[in-house]
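Q: Right, I'll just put the structure down here and ask away after.
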Amino acid sequence: MEMDNLFESAMRGHWDHIVQAYESNPMSQESKITKSEDTALHVAAASGHSDVVCRLVETMGENASNILKIQNNRGNTALHLAAALGNVEMCRCMASKDPKLVAARNKDSETPLFLAALHGKKAAFLCLHFLSHDKDSSLGRKSNGDTILHAAISGDYFSLAFHIIRCYPDLVNCVNENALSPLHILAGKPNAFRSSSCLGLFDLMLYDCKDDTFIILAAFRMQPLFIIFVLKTVLFYLQGVSVDELREEKYDYSKNYGADSTAKFPENYRTCINFFRFLWTSLRILSGLLKKEDKEDHFCPPNCTTFVLFSKLMMKALLIVLGIGIWRISRIKEKKVRHKWAYLVMKELVQCASLYKYDDNGQNPENSRLDNKHGEPFLVPGARPVPENTETSQKNIVLSTPEKKNTQQSRRKETPLLIATKTGVLEIVEKILDAFPVAIQDEDANGKNVVLLAVEHRQTHIYELLLKKKMIMENAFRKLDNQGNSALHYAAMFENHRPSSLIPGAALQMQWEIKWYKYVKESMPQNFFVRYNKNGQTPKELFTETHKRLVKEGSKWLIKTSEACSVVAALIATVAFAASATVPGGLNEDNGKPILLEEIAFRIFAISSLISLCFSVTALIVCLAILTSRYQEKDFAMALPRKLLIGLTSLHVSVVSVWISFCAGHYLVIRDMLRSMALPMYAATCLPMAYFALIQLPLYVDLMLAIFKKVPQPSYKVFSL
């Protein structure tokens, strides 16, 4: 068959014709049929036709090794394409014919093993790893120095990264041409850790729940809605194994790469096992036979564990009944699994690095090359040679300072500790400081240490961690950068690049900045005195100068908010006054008293009308007080937020009161006509009010936290639903 016929058959999917051509004409096996110089085997592998690929490989006979080494114009073999797709069957079929194919490199110096890690194909990666005769770490490295561990962490494939560490422990200490180690890359991924993740109230409750609590306590009455909920819960539970079963285990990598090595049952029995596990968990919760270890991780006292567990169950039940539970819980479950794998990878990286001496140099990273089995330097094809340096051969560069290429060697860059401090990854900062206390001395190119960076980037949880170690690291709090700025200077600075957009409103952000400045000032050493930086500015002067725009924006935000609230408060006051002057049922002509005075609904009407009038007038007065304020810098610390909180509280109470008075008055007039329909109808009328309260709840909670909490919350941990 000619080359054109091969191309036409491949494009039309007539693979039987191509198989026949491979069997009848061995020359067609080497024919390149596309402009990118792909053979028919390349096209079949790129299309994911594993059965076709296996049939084509079988027709090659003894010449299979030479045919499989054919590359396209990018240097990719068919095994490269199969590894990038993650097709285990194709990888096994081709690599078993010639295990040396796993070491084949394309023009980017990428091996099939590297491509499998780059695309997060764990099963294909383990397949190629076990089939390869050469277990040298150099197989997983490309010309720019990136290893398979770099690629897996960069792509957020932390489960695969953990397996790579166990298979190739030498890669932990490797750096690329930019002198970035895997730990550097991991430190720059804040979303991979819980401490830097933005979780709302409901998401946080779901995150803290164990998976066993997906089973709700049995109801006394099996209502149809509850039956639907149980069915949804069962279906969700059968989707996979419990998140809390994820543990750091000793894996046996010599076993089957395609199945779960920790499972004690065949893979096709998993659904059945999960179903019985669901039944057993239900019986345990219903009978109260919760193990002691199931209650150890809760933050509440032991006598409150049952109540907290029940509350979490009710929250999950509500989410699932509302139709958002399955999707939301699945998303939180995936995030929790990713966080646990990232933590395990981080723990392995730091633990392996702790075998060496900590070095804050990094000018000549000797581990940017790997040694072969004979101890000789192995140079990746296409990579620049690295000079020998015997003086630093025993130094650790995983926690060292990265040096970018084509820059001066004396220029210091950021260590993983400093990167984690900027991004707010508390787990990495705590782990590194525990393993290497000397890391507290790390500095970047501007002379900023971990304390200055934590203050500058408003990482309050990391700053609190450093305060706990203040007795042994007090000198770090006295550190000045190259411009003479102290931690208090950085607390006074305000820049737009900080992650403060999640703080609602410029006024609350200004209050956050004031509280942060005061908190840092109070935490400074006792004999620390305010000094000028090289620009001749004190922290107070710097605070006033950099926050002028924020004060102006906060004033505008408060004015608009107060104007809107005052209009609503005035309307409610007018309605409440008119309602209080109108007596339902009329007055008794003999004594002038209301005819329905003895009715409970009338008393509720009278009291709620009075409350609505009083609180609406209060809200109106407070809003006017905000509008007439001076809007000075110090007013944003407590006076203005407190007024706004009082005004919003009064407004909410007045809205609820006027609704109650309306329902009570309406019930007195037409109660005989409504009868049993009264309560459902009034419940339906409260939906707009509930929607209004739900919208205002985040702002209200933010105000509460900003006023009553001493330590400001991180900007990405604001209240959200």
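The values are calculated or read from the model by the stated rules, or taken from the named source; none is laboratory data. Remember, predicted model here, so these are calculated numbers, not experimental data. Every residue, glycine as well, gets a Cβ built from its backbone with ideal geometry; the counts of neighbours run over all protein chains shown.
Q: Out of all the residues in the range 97-116, which are hydroxyl-bearing (Ser, Thr, Tyr) and crowded, with 24+ Cβ neighbours inside 10 Å?
A: The one that is hydroxyl-bearing (Ser, Thr, Tyr) and crowded, with 24+ Cβ neighbours inside 10 Å: Thr111.
Q: Output yes when any residue across the range 145-163 is modelled with pLDDT under 90 and farther than 20 Å from Ile428 by Cα, and no when none is.
A: Checked the range 145-163: at least one residue is modelled with pLDDT under 90 and farther than 20 Å from Ile428 by Cα.
Q: Can we say His129 is out of contact with any Ser or Thr (no Cβ under 8 Å at 6 or more places or on another chain), in the same structural domain as Asn63 (by TED's automatic domain parsing) and crowded, with 21+ Cβ neighbours inside 10 Å?
A: So His129 passes the test.
Q: Assess whether Ala625 counts as being small (Gly, Ala, Ser) and without any contact (Cβ under 8 Å) to a residue 40 or more places away in the chain.
A: yes
Q: I would also like to ask the following. Any residue that is of a type in the set (Ser, Thr, Tyr) and either more than 18 Å from Ala83 (Cβ to Cβ) or touching a Phe, Trp or Tyr at 6+ places or on another chain (Cβ under 7 Å) (or both) - is there at least one of those in the range 39-52?
A: No, the range 39-52 contains no residue that is of a type in the set (Ser, Thr, Tyr) and either more than 18 Å from Ala83 (Cβ to Cβ) or touching a Phe, Trp or Tyr at 6+ places or on another chain (Cβ under 7 Å) (or both).
Okay, residues lined up against (1) modelled with pLDDT under 90; (2) surrounded by fewer than 19 Cβ atoms within 10 Å (Cβ to Cβ):
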| residue | (1), (2) |
| --- | --- |
| Ile600 | yes, yes |
| Arg603 | yes, yes |
| Ile607 | yes, yes |
| Leu624 | no, yes |
| Arg630 | yes, yes |
| Ser650 | no, no |
| Gly665 | yes, no |
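Q: Quick check on my filter: what residues within the range 41-75 are within 35 Å of the chain's Cα centre (by Cα) and outside any helix (DSSP H, G or I)?
A: Passing the criteria: only Gly48.
Q: Just to be sure, is Leu550 crowded, with 18+ Cβ neighbours inside 10 Å and either more than 28 Å from the chain's Cα centre (by Cα) or modelled with pLDDT under 90 (or both)?
A: Considered against the rule, which asks whether it is crowded, with 18+ Cβ neighbours inside 10 Å and either more than 28 Å from the chain's Cα centre (by Cα) or modelled with pLDDT under 90 (or both), Leu550 comes out as yes.
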